[in-house]
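Down below is the structure, laid out as structure tokens.
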Amino acid sequence: MNGPQRLRDGADCLATRAGKAFVGTRAVFLGHNLHEDLRHADWVELYLLSITGRRFGARELRLLHAMWVCTSYPDARLWNNRVAALAGSTRSTPGLGMSAALGMSEAVVYGGHPCVRAIDFLSGAQRRVTAGEALVDIVAQELAQRRIYGYGRPIHATDERLPWLLDIAREQGLDGGPHLALAHEVERLLVARDARLKMNYAALTAGLAADLGLSVTEFHHFQLPMLLAGMTPCYIEAAGRPAGTLFPLSCEHIAYEGAAKRRWGV
């Protein structure tokens, strides 16, 4: 039923499975006593529980940790880190700076959007291959409509993060899943078309995450703070310098095509 009755049904109560704080006694987190049952959980384990409602084992958590660690680049020239650094340079607060930088991290070309699109494509392609379709046809159909995210990279075609994360996946025995194998096969097909279309971090992490059972939505939530650890050093370093001195742009670097200089009359 729509209309006022729907609002009345939700008034004065909160129907939830997420949890509840019983202030002064305990806190319930997705059916678990936070302080009794989960007090020994590390933060990523708790975060994955909050997203999926599932507890992950030590091997899976080691790999999920590595997905965050291997891409924590404290380089203020990167688009989202620059936002964090500018926040420090202008003396904004860490909360505002990090929030803005994380928001920028969902960029369509470089950030979280390719991760989401990559796992969506790999999950759908895996279902279709299992049903008997040829991967080469699936790739051709996808390319006819849009780009395949997770392949190709600006600046340099080789993604230096891949071998390190793959080593950890092998160490944990988590490198043999069907989605990761499919991701490699997609790379082979794309590189045959264009040598620059090598797999990047989005496709690798998407394939590994799909093999761990994460859905598109769950992976979207998981990858949100993936770049956070590289932002904080940029903020702190910029905040330690004189305000407003980060990446100053001189007038000589501006291609001005407006009115010419004028002389002021005396």
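The values are calculated or read from the model by the stated rules, or taken from the named source; none is laboratory data. Only a predicted model underlies this, so the values are computations on that prediction, with no experimental measurement involved. Here Cβ is always computed from backbone atoms with ideal geometry, including for glycine, and neighbour counts include all displayed protein chains. Only protein heavy atoms, including side chains, enter the accessible area calculation; ligands, DNA and RNA are left aside. Shrake-Rupley method; radii C 1.70, N 1.55, O 1.52, S 1.80 Å.
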Original post:
Rounded to a whole number, what % of the accessible area of the chain do carbon and sulfur atoms account for, probe 1.4 Å?
Top reply: 58 percent
**OP:** Tell me which residues come under 5 Å, amide H to amide H, from Gly19 once H is placed; ignore anything under 5 positions away on its chain.
**Re:** Leu30
Original post:
According to the square roots a ≥ b ≥ c of the eigenvalues of the Cα gyration tensor, what is the shape class of the chain, taking rounded for a/c under 1.5, prolate for a/b larger than b/c otherwise, and oblate for the remainder?
Top reply: oblate
Subject >> Computed helical MRE - 222 nm, the chain, DSSP H runs ≥ 4 contributing -39500 (n - 2.57), nearest 500 >> reply: -16000 deg cm²/dmol
**OP:** Just order 96-106, 21-31 by mean Cβ neighbour count inside 10 Å, highest at the front, would you?
**Re:** 96-106, 21-31
Subject >> Glu185, Glu237, Glu45, reordered so the largest accessible area comes first (probe 1.4 Å) >> reply: Glu237, Glu185, Glu45
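In the neighborhood of Leu165, defined by Cβ-to-Cβ distances under 12 Å, what is the net charge if each Lys or Arg adds +1 and each Asp or Glu adds -1?
On the way: positive: Arg62, Arg161, Arg170; negative: Asp159, Glu160, Asp167, Glu171, Asp175.
Surrounding charge for Leu165 is -2.
Cβ under 15 Å from Arg128's Cβ, Arg128 left aside: what net charge do those residues give with Lys, Arg +1 and Asp, Glu -1?
Working: positive: Arg127; negative: Asp120, Glu133, Asp137, Glu142, Glu185.
Overall, the nearby charge balance is -4.
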**OP:** Heads up, I need the accessible area for Trp43: 1.4 angstrom probe, whole protein in place, Å², nearest 10.
**Re:** 150 Å²
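Run the numbers for Asn2 and Ala15: contour at 0.36 nm per residue of separation, minus the present Cα-Cα distance, in nm. Mind showing how you got there, number by number?
Working: separation 13, 0.36 × 13 = 4.68 nm, distance 1.79 nm.
Additional length available on full extension: 2.9 nm.
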**OP:** Take the alpha carbon atoms of the stretch 110-163, find their center, do the same for the stretch 202-249, and report the distance between the two centers in whole angstrom.
**Re:** 21 Å
Original post:
Which chymotrypsin sites (Phe, Trp or Tyr not before Pro) in the stretch 221-266 pass both tests, a DSSP loop state and at most 14 other beta-carbon atoms within 10 Å?
Top reply: Tyr256, Trp264
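Please work out the average accessible area per residue across the chain, using the 1.4 Å probe convention, and give it in Å². Display every interim value, and only then the final one.
Numbers: 16220 Å² over 266 residues.
Roughly 61 Å² per residue, with all protein chains present.
Among residues other than His184 whose Cβ falls under 13 Å from its Cβ, what is the net charge (Lys/Arg +1, Asp/Glu -1)? Don't jump to the answer; show the numbers that get you there.
On the way: positive: Arg188, Lys198; negative: Asp175, Glu185, Glu187, Asp211.
Spelling it out: positives minus negatives among the neighbours equals -2.
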**OP:** Would you please give the FRET efficiency between Leu135 and Ile236, computed as 1/(1 + (r/R0)^6) with r the Cβ-Cβ distance and R0 = 35 Å, to the nearest 0.05?
**Re:** 0.15
Original post:
Taking the chain as a Gaussian network, Cα atoms linked when under 10 Å apart, which of Ala85, Ala76, Ala11 shows the biggest mean-square fluctuation?
Top reply: Ala11
Original post:
Tell me, how many Å apart are the Cα centres for the stretch 47-71 and for the stretch 78-95?
Top reply: 27 Å
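Taking the highest mean first, how do the peptides 61-69, 191-199 order by number of other beta carbon atoms within 10 angstrom per residue?
On the way: 61-69: 18.8, 191-199: 14.7.
Answer by packing, highest mean first, reads 61-69, 191-199.
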Original post:
Per-residue HN-Hα couplings for the stretch 239-256, Karplus 6.51 cos²θ - 1.76 cosθ + 1.60 at θ = phi - 60°, whole Hz, x for Gly and Pro?
Top reply: 5, x, 9, x, 4, x, 9, 7, 6, x, 10, 6, 4, 5, 8, 9, 7, 8
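Is the C-alpha gyration tensor of the stretch 14-95 telling us rounded, prolate or oblate? Criteria: a/c under 1.5 is rounded; beyond that, a/b larger than b/c is prolate, otherwise oblate. Please report the intermediate quantities before stating the final value.
Working: a/c = 3.01, a/b = 1.62, b/c = 1.87.
Note, shape of the stretch 14-95 comes out oblate.
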**OP:** Please list Asp211, Asp12 in order of solvent-accessible area, largest first, computed with a 1.4 Å probe with all protein chains present.
**Re:** Asp12, Asp211
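Pull out the extension gain between Arg196 and Thr25, defined as 0.36 nm times the separation in residues minus the alpha carbon to alpha carbon distance; nm, one decimal. Intermediate results must be reported in sequence, preceding the final value.
On the way: separation 171, 0.36 × 171 = 61.56 nm, distance 5.78 nm.
Going from the current span to full extension adds 55.8 nm.
Rounded if a/c is under 1.5, else prolate if a/b is larger than b/c, else oblate: which is the stretch 112-224, with a ≥ b ≥ c the root eigenvalues of its Cα gyration tensor? The partial results should precede the final answer.
Numbers: a/c = 1.37, a/b = 1.11, b/c = 1.23.
In terms of gyration-tensor shape, rounded.
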